[in-house]
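Working notes, beginning with the structure itself.
Any read-out appearing in this document is the output of simple, stated calculations on the displayed coordinates, not a laboratory observation. Quick caveat, the model's predicted, so the values are computed rather than measured. So basically every Cβ, Gly included, is an ideal-geometry build from the backbone, and we count neighbours across all protein chains shown.
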Amino acid sequence: MSETASPSGRRKDDHLRLAHDQQTAPSRRNDFDDVQILHHALEGLDADQVRLDVPVLDRTWSAPVYINGMTGGTDRTARVNRALAIAARETGIAMASGSVGIALDDPSTAPGFRVIREENPDGFVMANLGIGRSADHALRAVDLLQADALQIHLNAVQETVMPEGTRDFSRWPQALEAVVAASPVPVLVKEVGFGLSRRTLTRLHEMGVQLADVSGVGGTDFARIENARRPGEDYSFLAGHGQSAVCCLLDAPTPAPQLLASGGVRTPLDVIKALALGARAAGVAGAFLKPAYDGDAEHATAVIRGWLSQLTELMALFGAETPAALTGTDLLLRGRVREYCELTGLD
Ligand code: FNR
């Protein structure tokens, strides 16, 4: 596999490098900072009582945090996938691949994705594919990873900034319906860092989508990444566009698919806040890319182990024996989040 010379392969390597650069940028404030957990000094539990496992559809995940879809398709990104897959196996958390579209178009790149299943034969693995692909591609994506679920990403803002991106989004709903009907495993629809609105979540529910990751703004910013990659016209005005995971969760309709949250989850405290706002689990991309960037599986494993141990401690501190119990947490909403609630009529 030597895909680095192809345009798609170069794009994957660029994404990895530019997303990693964003992790080291100084200002990382986001809407999770406007969610404050009210401290109750006598409500804590014994950490030994805390259970991290969480029901997701008809399965149980061992923890309410997972490695979100990132990469694959080049030698460089295969090393990152290998490190993340080993970390997922060692810590027992679920993991998604990056978009396997490149491997469907060029099978010589498939080993960089297969490594995820090879290193983690019994784990919960999700295959990721962009919206707009056929039902046949969806089946091939699931088959490639022997996947337990299929992540379909909606990325209209990213496509708009990409010079080679599509400008025709009109057939996405029909394409998604066909994939949902054909998929042998549950379909999880996600954004890539711009958020899923109330209206979008309702449409997904009506299409029979059972699981959605709101993936909001405030973490890795693909408008900035694509803008940095493109020559010529400047699209930097789209940086920061979209809704945060916090606002998406607050604004989520009922009924809706089961909700996962990602986008700017920087610490175990952000995971707790996402769960308190109704997410089943929180997805982490950029913050887990950081330790896996050089292919260091031990470092990635140690970081994720640390998160799971801190999650347990925080749940004891906040008096929640299970992730579901966190939905009873007293929260104060400040700043931009409060303004969002006021403007959208949420109280
Ligand atoms: C991503 N993301 C992503 N999402 C997706 O559905 N398919 C993909 O192929 C990719 N590729 C990708 C590459 C890299 C290097 C990163 C960091 C991220 C988006 C990711 O799953 C997530 O939605 C956003 O990154 C927001 O989460 P974080 O990074 O703020 O935790």
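Give me the extension gain from Ala228 to Gln36: residue separation times 0.36 nm, minus the current Cα-Cα distance, reported in nm with one decimal.
65.7 nm
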Cross-link reach from Lys290 to aspartates and glutamates, straight Cα distance under 12 Å and at least 8 residues apart if same chain, gives Asp21
Taking Cα pairs closer than 8 Å and at least 6 residues apart, the relative contact order of the chain in percent is 23
To the nearest 10 degrees, the tilt of helix 135-145 (Cα long axis) against the first principal axis of the alpha carbons of the chain is 70
Taking Ser215, Ser262 and counting other beta carbon atoms within 10 angstrom, the fewest-first order is Ser262, Ser215
From the Cα centre of the range 63-89 to that of the range 164-192, the distance in Å is 23
Under the 7 Å Cα-to-Cβ spin-label approximation, Ala178 and Asp294 lie apart by a distance in nanometres of 4.6
Taking every C-alpha to C-alpha distance in the chain and binning by 10 Å from 0, the per-bin percentages run 6, 26, 37, 24, 6, 1
Computed over the range 42-112, the relative contact order (Cα-Cα under 8 Å, seq sep at least six) in percent reads 31
For the chain, longest principal axis from Cα atoms; helix 7-23 axis from its Cα atoms; angle between them, nearest 10 degrees, is 30
Put in order of increasing Cβ neighbours within 10 Å, starting from the fewest, Arg89, Arg171 give Arg171, Arg89
Fewest to most Cβ atoms within 10 Å: Tyr293, Tyr66 sort as Tyr293, Tyr66
FRET efficiency for Arg171 and His241 from the Cβ-Cβ distance with R0 = 22 Å, rounded to 0.05, comes out at 0.45
Stretched fully, the stretch from Thr24 through Ser108 gains (0.36 nm per residue minus C-alpha distance, one decimal, in nm) 27.0 nm
In degrees rounded to 10, the 0-90 angle between helix 297-317 Cα long axis and the longest Cα principal axis of the chain is 30
